[in-house]
Amino acid sequence: MSIKKSSFKKVFKSYAYFIKLQWKLSKVSILLVLLSYIIETVNTFVIVIFPGFILDCLAERMYRNLIYAVAAFSIWQFALSLVKSLIQRASDIQNEQVKTELNRMLVEKAISLRQEQLENPEIFERFEIARMCSNDCLTISFISSIFSFVFLAVELAGLLYILKSMPWWCIIIFVISTIIYAAANRFIAVNSINAEEEENKPNRIMRYFSYEVPKPPYAKEVRIFDLQPFVSQRHAETLEQSISVTRKYLKHISNAQQYARITDCLLSIFFYAFYIFRFAAGKLTVGMFSVSVNAVFRFSQTVNGIVARVINCSASGVRLSKIKDFLETKSLNTGTIKPPEYKENGIIEFVNVSYRYPGREEYVLKNINVRINLGEKLSIVGRNGAGKTTFISLMTGLYKPTQGKILYNGIDIETLDSEEYARLFSVVLQNYQIYGFTVLDNILLKENPSNDDISEAERRIDRIGLRGTVEKLPEKADTYITQRFNKDGTELSGGESQKLAIARMLKRNSDIYILDEPTASLSPQNEYEIYRRFDELVSGKTVIFISHRLSSCRLCDRILVFDNGEIAEDGNHDTLMKKNALYAEMFSKQAVLYA
């Protein structure tokens with residue numbers, strides 16, 4: 001969004017929003033800006049007047065006054081530099097805290113959105129742009145500009161008093177130069193914002209190559225498959241795209257900067273000549289010549305400073321509006337009703353549910369009608385792409401049905417509080433994550449766990465069959481996984497990681513457990529053993545297994561067979577084998593492989 005397209009009303013609302021936010025996050029930073037401008041304004045007049053006073057003292061041989069003035073000026077400048085240094089250091093600390101807090105707000109907002117929203121490329125790009133803008137301290141920069149307007153106005157008033165004898169036609173020259181300067185700076189601001197937006201995509205790809213690809217999971221494949229030439233080529237191509245955008249806009253920006261510099265240079269030549277002629281005509285003393293020249297150039301800088309700040313405020317408003325827009329993105333989680341306890345009835349029902357991903361026309365799931373009852377052991381099977389994982393994402397509220405509705409105890413889950421509803425589920429996803437902290441951290445995922453929490457986690461380690469692995473680790477359950485944050489960290493095998501993820505799920509102690517192919521790294525025998533042991537641990541709970549390997553199906557009361565986005569079969573193992581359809585075909589083929 002360019003400055004041209006942004007409405008003044010929207011920019012103004014962004015300013016009001018972030019001034020309140022800045023005051024809430026750091027009142028001190030605002031007071032520090034105010035103090036710095038008071039000091040700078042006073043110093044401006046000292047700098048303008050002091051050289052003229054010195055020259056007059058020299059001309060009239062007032063050496064004692066000259067010594068006192070130089071000493072006072074030196075002390076003032078030393079004290080000023082010290083105070084400014086302290087203010088700058090305090091401001092940097094405050095600004096860093098504000099940036100950190102603002103980034104935290106953006107991340108929390110992203111987490112609060114429904115999963116399908118964050119998977120939407122448009123919304124995710126807005127998130128990325130908002131994070132980029134949040135790193136520029138734009139809020140304090142804008143507040144600084146507001147204060148600067150006030151103090152620059154004070155400067156202008158004082159400078160105009162000093163320059164009160166200036167002819168009217170000199171003011172016209174000032175106005176013309178200011179208009180040129182304003183036009184150049186506005187052009188620069190517009191092109192800078194447009195460049196940022198065009199560079200966003202290639203820069204995101206470059207960050208991906210720079211920060212994600214070198215990480216261990218990618219780095220292994222880069223070496224094994226000799227992918228370095230491919231990665232380097234893609235990085236170079238993306239870099240060239242970014243440079244191309246920069247080159248295009250930099251040419252325009254450089255031209256505008258040249259016009260501004262030429263205007264400033266011509267203005268300097270004119271006023272030097274004007275005051276030299278006035279001095280030669282005997283209309284100015286040496287001191288007044290110095291004061292007038294300093295005042296006129298300071299006047300020019302002040303006017304240009306006001307113009308630049310107006311334009312920068314407009315540009316900052318555009319950037320701030322991007323942060324505000326993302327922070328105000330409405331979540332699709334709109335429910336507010338607290339769900340009843342699962343034990344009261346315990347029915348989750350899909351009613352004519354269909355789903356398609358945003359921006360796509362084909363449906364992943366079509367007309368799903370099914371009931372899942374309290375305490376039921378359910379297995380979901382089907383070919384790749386049949387819609388199994390999407391079915392789970394809808395059930396857990398990560399996605400919202402495109403058509404139809406999902407009921408929990410007869411209540412549409414869209415009316416339920418999403419966080420409360422999510423507590424019904426403990427899930428090990430197909431692409432589960434192991435975090436680079438300790439074994440216990442990965443199970444508990446909790447700040448300041450109690451002794452009871454730790455004891456419960458230890459019991460889960462025993463029950464899932466992970467005790468032998470943990471006892472071999474350097475710090476037992478306090479050992480870090482990977483060496484990212486601790487040099488004594490260790491790597492777990494795929495099977496060990498999967499057991500750890502299951503232990504984490506068990507610690508949550510929810511009413512419904514879902515395992516979405518979490519045992520792919522285990523052998524069929526070990527997978528069956530995990531499922532058998534898991535079935536014992538969660539007796540009485542509702543359990544849903546998703547797996548390409550059908551070993552879990554014999555442990556289940558019921559099997560749903562998905563095919564091409566629909567439920568093709570529904571029944572227990574024996575019933576479906578007698579039916580001799582898709583399930584029987586899949587089971588028979590696997591039985592041959594593992595015979």
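Structure values in brief
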| read-out | value |
| --- | --- |
| Residue within region 337-357 that is open to solvent by 10 Å² or more (accessible area, probe 1.4 Å), among the acidic types (D, E), at pLDDT below 85 and more than 21 Å from P401 (Cβ to Cβ) present | yes |
| Residue among Y272, Y259, Y211 that alone is assigned to a helix (DSSP H, G or I), of a type in the set (F, W, Y), open to solvent by 30 Å² or more (accessible area, probe 1.4 Å) and at pLDDT below 70 | Y211 |
| Which numbered condition Y161 misses (of (1) touching a helix residue (DSSP H, G or I) at 6+ places or on another chain (Cβ under 7 Å); (2) at pLDDT below 75) | (1) |
| Selection count, region 378-408, where residues are of a type in the set (K, R) and either open to solvent by less than 20 Å² (accessible area, probe 1.4 Å) or in contact with a Pro (Cβ under 8 Å, 6 or more places away or on another chain) (or both) | 1 |
| Some residue of region 114-135 being at pLDDT below 70 and either within 15 Å of the chain's Cα centre (by Cα) or under 30 Å from E96 (Cβ atoms) (or both) | yes |
| Failed criterion for P518 (all others in (1) open to solvent by less than 50 Å² (accessible area, probe 1.4 Å); (2) outside any helix (DSSP H, G or I); (3) modelled with pLDDT of 70 or more hold) | (3) |
| Restricting region 423-468 to residues that are of a type in the set (A, V, I, L, M), outside any strand (DSSP E or B) and in contact with a Pro (Cβ under 9 Å, 6 or more places away or on another chain), the residue that is most open to solvent (accessible area, probe 1.4 Å) | L429 |
| Selection within region 540-568 - assigned to a loop (DSSP other than H, G, I, E, B) and open to solvent by less than 40 Å² (accessible area, probe 1.4 Å) | S547, C556, G565 |
| Strands (runs of 3 or more DSSP E) completely within region 355-412 that count 3 or more residues being under 29 Å from Q590 (Cβ atoms) | 365-373, 377-382 |
| When residues of region 528-576 are limited to those that are of a type in the set (F, W, Y) and within 23 Å of T390 (Cα to Cα), the one modelled with the lowest pLDDT | Y531 |
| Selected residue [of a type in the set (V, I, T), closer than 30 Å to R204 by Cβ and at pLDDT below 70] from I311, I243, I253 | I311 |
| Residue identified as β-branched (V, I, T) and closer than 14 Å to I512 by Cα among I372, I368 | I372 |
| Complete set of residues in region 469-505 that are of a type outside the set (D, E, K, R) and part of a helix (DSSP H, G or I) | T469, V470, A477, G494, G495, S497, Q498, L500, A501, I502, A503, M505 |
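The values are calculated or read from the model by the stated rules, or taken from the named source; none is laboratory data. All values reported here derive from a predicted model rather than from experimental measurement. Here Cβ is always computed from backbone atoms with ideal geometry, including for glycine, and neighbour counts include all displayed protein chains. Just so you know, the surface numbers come from the protein's heavy atoms only, side chains and all, with ligands and any DNA or RNA stripped out. Shrake-Rupley method; radii C 1.70, N 1.55, O 1.52, S 1.80 Å.
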